[in-house]
Amino acid sequence: MSDQNINQKIQQLRKQLHYHNYRYYVLDDPEISDAEYDRMMRELQTLEHRHPELVTPDSPTQRVGAAPLEAFAAIEHTLPMLSLDNAFDEGEIREFDQRIKKLLAPQSKVEYVVEPKFDGLAVELVYINGAFSTGSTRGDGFVGEDITSNLKTIKTIPLHLIEDKISAPERLEVRGEAVFSIKDFQTLNRQREQNGELLFANPRNAAAGSLRQLDPKITASRPLDFFCYGMGQAVGINFESHWQFLDTISQWGLKVTPLRRLCPDLESVFSFYHELLEQREQLPHEIDGMVIKVNDFGQRETIGVKTRSPRWAIAYKFPARQETTQILNITAQVGRTGALTPVAILKPVKIGGVEVSRATLHNQDEIDKKDIRVGDWAVIQRAGDVIPEVVKVITSRRSGEQTKYQLPSKCPVCGGHVVRLPDEAAHRCQNLSCPAQLKQQIRHFASRNAMDIEGLGDKLVNQLVDNGLVKSPADLYFLTKDQWSQLERMAEKSAQNIIDSLEKSKDVSLERFIYSLGIRFVGEHAARLLAEHFQSLEKLKHANYDELISIHEIGPRSAQSIVQFFSEAGNLATIDRLLQAGIKIQFPKKSAPAQTLAGKTFVFTGALENFTRHEAEQLVASLGGRAASAVSKNTDYVVVGAEPGSKEEKARQLGIEIISEDEFRRLVNQ
Ligand code: IVH
C-alpha cells in the first residue's frame, strides 16, 4: 500500500470505529458483532503500530494507556461554568417564569426545555474540528482541572464527532455530567468492602473520586457514563435554541438524555416533573430534580445572567430522600460468607413514600468513622433500591444516654469466633459450620474444582440445610439412601446417583481437598502451593504463620486466614469427620514436572482447540505458572483462541505478549 492509501485506510477505520463505538455505548444498539469490531480495532492497531507517525490523540486506539500524572494542570474556561438556583415547589417555578416574562417583550411566548438534573461531576469537553482535545472539571467556575486522559477512558465520550450529516465546527465546548449508575456504584462499593477500602457515600462521590484520579488506568476501570446538557463557546456554528443544540450534538455522537422535553408552557413543565418523579426509583442513574431552561438563545441573551447563575434556568428539586429518626438499637446480621453486618434498628420513618425501619451500617469502621451510637438521632438516606443507610448522626441531639457499639466477638448465629483479618473491613465468623454460611460452604465444597460432587445442585443444598439434615459438609457422606429419597423431587434413582457421586468424590488430591475447605484467601492456586509445600494435611494443620508466609506467593492475608481456620475447633471436627467418612487424600508425587512457567501469569481468551479452559489452566499451574481471569499489567501472556473477547484488546493496550494456541503448546511442550 502506498503511504497515501495507508493513511486513507487508517482514516476510514477510525471513522467506522467511532461510529460503532457510538452505536454500542451511546445508543446501546450495536450494528456489528463484537468480533467484527475487534477485528477492525486490531487492523487499526497494526497499521498504527507500523506507522507511529500517523497516530493521533483522537484515534479509537487512544482510550487508555496514558501515564499517571503528578498533578492536574489548570484549564481556564472560555466562558464561566455557572451554577443553578434551586426551587422546591410550583410556586417558586411560577415566580421564576414571571421574572423571565417581565424581562422579555410584552406577550412573548417562552418555551422551556426540561431535563433531569444529574447528580455527578460537571465537566467541560472541548472539540477542535471534531477531535476531542481537552476536558476539565468545573473547578471554581472559572478555572478547572485538566482531566483529559481520564475523560478519554469514558466510552460514551466520543474521541471524534460523527460528521455524516453535519460537519463539526472549528471549536465546540460541550458541558455535561459524568455519572455512575446506581448499580455500578453498588458493585464498586461491594468490591471496595471486600478489599477493605473505604466506601463511597453515593454515586456522585464515586463519579468525582473516579475522575479526580492521577492514574487514568484507575478511571478506566470504573464504569463512568456521561450526559451532555449545555454549551460553552462554539466557533464556526450558530445555534438558535437549546433544543436544536441538543439535537445537533446527539447527531455528532454525544450522549444526550432521552428524558428531555420541549415544554410550551408551565403546565407541561409540571406534568413532566410528576412523570420524572414517578420514574425516579426505576432510573439507572441518581437524579435529584430537573432543570428548566429557556429554549430560545435570543431570549436567553435578553434575560441575562447573575454572578453565579443564569436568570434563564432553574433547578426544580425533588423531595429529599433523607429523613431524621432515632436509632433504637444496633444488631449484627451474619451473611453468607460469614461477614457480620451491623444494622441500625430505627424508629420507623417514611422516606420518599416507603417506611424504613432498618439501615445498614456497613461495618465497624463506618460506625467508628461516623461515631454512630445506640440512641442517636440520625439522618437516614434511601436512594433508588439501595438499602437505607445512615448519612450522619446529629450530635447536638445527644442526651448523654447514647452508647457506643462494638460488633460482638462471638457469632450471634452459632457462637463461633468473630475475627477481623488484617486489610479487611468486615468482621467474620470463623466457624465453617455456622448455619448462616453453611449453604455457601457446601456449594463450594461440592463444586467441580473442589470435591466435584456431581448432581448436588443449589436446590438440594437448600433443602439439606433447611431440613437440618446437614450441619457441615461432612454430614453429606453420612446421609442414608432413605434420607436422600425423602427430599423433594428425589426419585430412588437420583438418590443412588448422588450416593455414587459422593463415593466417587472420596478419592481426592490434597490440593483439591484444601481448596474445598473454603478457607478465605485460599483459592485453587494457593491450595496447590500449600499441597506441594506440606505434602500432608497434618503438617498444614499445624503450620504456623511464619512458615506459611515463607512459602513463595503465600501472603500475610492468606497465612493469617489459614492459621485462624485451623485453630477453630468446629473446622477441625469437620475435617475429622470427613476422614471418618472415608475420604482418601492422594498426596502429590514428589517428582513434580519441571516448573518451566514459574512466576508467569497467563490469561486465556476465546475457545482453544486442544484443551478446555480448565485443562489449559491446570497445565499452566502444573508447570509452576498461574492462570488469571482478567488481564492486568501483571499478566505475562494472553493466549488467544477462536473468537477472543475484549481481553485481547486490553492486552494490546497494556503491551502484553499475545500468543496463539500453537505458541502456547510449544511453551508447555505439548
Ligand atoms: S445546566 C448554567 N443541566 O447542576 C446552567 N446542569 O447546580 C448550568 N446539572 O453545575 C448547567 N444536570 O453540574 C444543567 N441537565 C442539567 C444538569 C445540570 C446536572 C448540574 C451541573 C451544574 C449544577 C448546577
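The values are calculated or read from the model by the stated rules, or taken from the named source; none is laboratory data. Note that the structure is a prediction, hence the values are computed from the model and not measured. Glycine gets a Cβ as well: all are built from the backbone with ideal geometry, and neighbour counts include every protein chain shown.
Cβ-Cβ contacts under 8 Å between residues 6 or more apart (or on different chains), taken from a first residue in the stretch 480-497 that is free of Cβ contacts under 8 Å to residues at least 40 places away in the same chain to a second residue that is loosely packed, with under 15 Cβ neighbours inside 10 Å and part of a loop (DSSP other than H, G, I, E, B), are listed as SER485/ALA491; LEU487/ASN467; SER494/GLY455. Here PHE272, PHE318 are screened, and the one residue that is surrounded by 15 or more Cβ atoms within 10 Å (Cβ to Cβ), farther than 13 Å from LEU84 by Cα, modelled with pLDDT under 95 and within 16 Å of the ligand (Cβ to nearest atom) is PHE318. Count of the stretch 226-254 residues, restricted to those that are of a type outside the set (Phe, Trp, Tyr), part of a loop (DSSP other than H, G, I, E, B), out of contact with any Phe, Trp or Tyr (no Cβ under 6 Å at 6 or more places or on another chain) and crowded, with 16+ Cβ neighbours inside 10 Å, is 1.
Is it fair to say GLU538 is surrounded by 14 or more Cβ atoms within 10 Å (Cβ to Cβ), assigned to a helix (DSSP H, G or I) and out of contact with any helix residue (DSSP H, G or I) (no Cβ under 8 Å at 6 or more places or on another chain)? For GLU538, the condition - surrounded by 14 or more Cβ atoms within 10 Å (Cβ to Cβ), assigned to a helix (DSSP H, G or I) and out of contact with any helix residue (DSSP H, G or I) (no Cβ under 8 Å at 6 or more places or on another chain) - is not met.
A single member of LYS101, LYS109, LYS165, LYS155 is part of a helix (DSSP H, G or I) and over 19 Å from MET290 (Cβ atoms), and it is LYS101.
Inside the stretch 502-512, residues that are within 14 Å of ALA581 (Cα to Cα) and assigned to a helix (DSSP H, G or I) make up a count of 4. The residue that is nearest to LEU79 (Cα to Cα), counting only those in the stretch 278-307 that are in contact with a Gly (Cβ under 9 Å, 6 or more places away or on another chain) and in a helix (DSSP H, G or I), is ARG280.
Considering every residue within the stretch 128-136, establish whether at least one is in a strand (DSSP E or B) and within 16 Å of the ligand (Cβ to nearest atom). Yes, that holds for at least one residue. Quick one: would you say VAL123 is among the β-branched types (Val, Ile, Thr) and either modelled with pLDDT of 95 or more or away from the ligand (no atom under 16 Å from the Cβ) (or both)? Against the criterion (among the β-branched types (Val, Ile, Thr) and either modelled with pLDDT of 95 or more or away from the ligand (no atom under 16 Å from the Cβ) (or both)), VAL123 qualifies.
The conditions of being more than 24 Å from LEU151 (Cβ to Cβ) and among the basic types (Lys, Arg) are not met by ARG63.
From the list LEU172, LEU199, the lone residue that is more than 16 Å from the ligand (Cβ to nearest atom) and assigned to a strand (DSSP E or B) is LEU172. Scoring TYR477 on the criteria (1) surrounded by 14 or more Cβ atoms within 10 Å (Cβ to Cβ); (2) farther than 17 Å from CYS434 by Cβ; (3) free of Cβ contacts under 8 Å to residues at least 60 places away in the same chain leaves a single failure, condition (3). Of the strands (runs of 3 or more DSSP E) entirely within the stretch 546-632, those holding at least 3 residues that are hydrophobic (A, V, I, L, M, F, W, C) and either under 27 Å from the mean Cα position of the chain (by Cα) or at pLDDT below 90 (or both) occupy 601-605. Restricting attention to the stretch 301-314 and to residues that are within 25 Å of LEU276 (Cα to Cα) and surrounded by 19 or more Cβ atoms within 10 Å (Cβ to Cβ), the residue that is nearest to the ligand (Cβ to nearest atom) turns out to be ALA313. The residues of the stretch 49-71 that are over 14 Å from LEU17 (Cα atoms) and surrounded by 18 or more Cβ atoms within 10 Å (Cβ to Cβ) amount to a single one, ALA66. Of the numbered criteria (1) surrounded by fewer than 21 Cβ atoms within 10 Å (Cβ to Cβ); (2) assigned to a helix (DSSP H, G or I), the one ILE442 fails is (1). With respect to the conditions (1) of a type in the set (Ser, Thr, Tyr); (2) within 16 Å of the ligand (Cβ to nearest atom); (3) under 17 Å from GLU173 (Cα atoms), TYR112 lacks only one, and its number is (3).
The residues on offer are ASN431, ASN462, and the sole one that is free of Cβ contacts under 8 Å to residues at least 60 places away in the same chain and either more than 24 Å from ALA526 (Cβ to Cβ) or crowded, with 22+ Cβ neighbours inside 10 Å (or both) is ASN462. Summed over the stretch 595-649, the residues that are in contact (Cβ under 8 Å) with a residue 12 or more places away in the chain, surrounded by 13 or more Cβ atoms within 10 Å (Cβ to Cβ), among the charged types (D, E, K, R) and under 26 Å from MET41 (Cβ atoms) give a count of 4. Do we find a residue being in contact with a strand residue (DSSP E or B) (Cβ under 9 Å, 6 or more places away or on another chain), surrounded by fewer than 16 Cβ atoms within 10 Å (Cβ to Cβ) and closer than 25 Å to GLU615 by Cβ anywhere in the stretch 489-505? No: the stretch 489-505 contains no residue that is in contact with a strand residue (DSSP E or B) (Cβ under 9 Å, 6 or more places away or on another chain), surrounded by fewer than 16 Cβ atoms within 10 Å (Cβ to Cβ) and closer than 25 Å to GLU615 by Cβ. Among the residues making up the stretch 507-530, those that are more than 20 Å from GLN441 (Cβ to Cβ) and surrounded by 20 or more Cβ atoms within 10 Å (Cβ to Cβ) are ARG528, LEU529. Within the stretch 89-98, the set of residues being of a type outside the set (Val, Ile, Thr) and within 16 Å of the ligand (Cβ to nearest atom) comprises GLU92, PHE96. Of the residues making up the stretch 208-225, at least one is assigned to a strand (DSSP E or B), within 29 Å of ARG321 (Cα to Cα) and hydrophobic (A, V, I, L, M, F, W, C). The set of residues in the stretch 202-234 being within 15 Å of the ligand (Cβ to nearest atom) and out of contact with any strand residue (DSSP E or B) (no Cβ under 6 Å at 6 or more places or on another chain) consists of ASN202, ARG204, ASN205, ARG212, MET231. Mind checking which residues of the stretch 183-198 are aliphatic (A, V, I, L, M) and surrounded by fewer than 18 Cβ atoms within 10 Å (Cβ to Cβ)? Selection gives LEU198 alone.
Only a single criterion out of (1) without any contact (Cβ under 8 Å) to a residue 12 or more places away in the chain; (2) in a loop (DSSP other than H, G, I, E, B) is not satisfied by GLN8, namely (2). For the stretch 323-334, the condition holds for no residue, the condition being that it is away from the ligand (no atom under 11 Å from the Cβ), part of a loop (DSSP other than H, G, I, E, B) and either modelled with pLDDT of 95 or more or at negative phi (or both).
Scanning the stretch 116-137 for residues that are under 30 Å from GLU275 (Cα atoms) and surrounded by fewer than 23 Cβ atoms within 10 Å (Cβ to Cβ) gives LYS117, ASP119, ALA122. Of the residues making up the stretch 46-88, those that are among the small types (Gly, Ala, Ser), within 14 Å of the ligand (Cβ to nearest atom) and out of contact with any strand residue (DSSP E or B) (no Cβ under 6 Å at 6 or more places or on another chain) number 1.
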